[in-house]
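This report refers to the structure that appears directly beneath it.
The values are calculated or read from the model by the stated rules, or taken from the named source; none is laboratory data. These numbers were taken from a predicted model, which means no experiment stands behind them. So basically every Cβ, Gly included, is an ideal-geometry build from the backbone, and we count neighbours across all protein chains shown. Quick note on the areas: whole protein, heavy atoms, side chains included, nothing else; ligands and nucleic acids left out. Shrake-Rupley method; radii C 1.70, N 1.55, O 1.52, S 1.80 Å.
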Amino acid sequence: MARTKLIAKYAALDTPDLTERIYKTITDHIAEKGIEDLPYLELNGRWTGKLHISDGGWRGDFDFLNPVLSMCRVDREGNVYADKKKIEKRVAT
């Protein structure tokens, strides 16, 4: 991989606050739109640094793409919350 591509791949998403940004994105989505569609949604992290939740997604070389539910926890009452430990695990890979 060329140096410029390597920098482009990691520079915008590799920030110290990435976990917090993902956590906020998921929490805001749940607050605004509920949890009904979460099994079908993915969190998309564009190489530009933009985060978005949708049922489609960018599938380019420089993109971060994970199912939203893989970064959430569900309690016994059926409440869904973003989970920072699971987010950190996904970000680390």
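Need one number: nm distance between label points at residue 79 and residue 27, each 7 Å from Cα along Cα→Cβ, rounded to one decimal.
That separation, rounded to one decimal, is 1.3 nm.
Give the accessible area for residue 75 in Å² (nearest 10); use a 1.4 Å probe, count only protein heavy atoms, and leave out ligands, DNA and RNA.
In the full protein context, residue 75 sits at about 40 Å².
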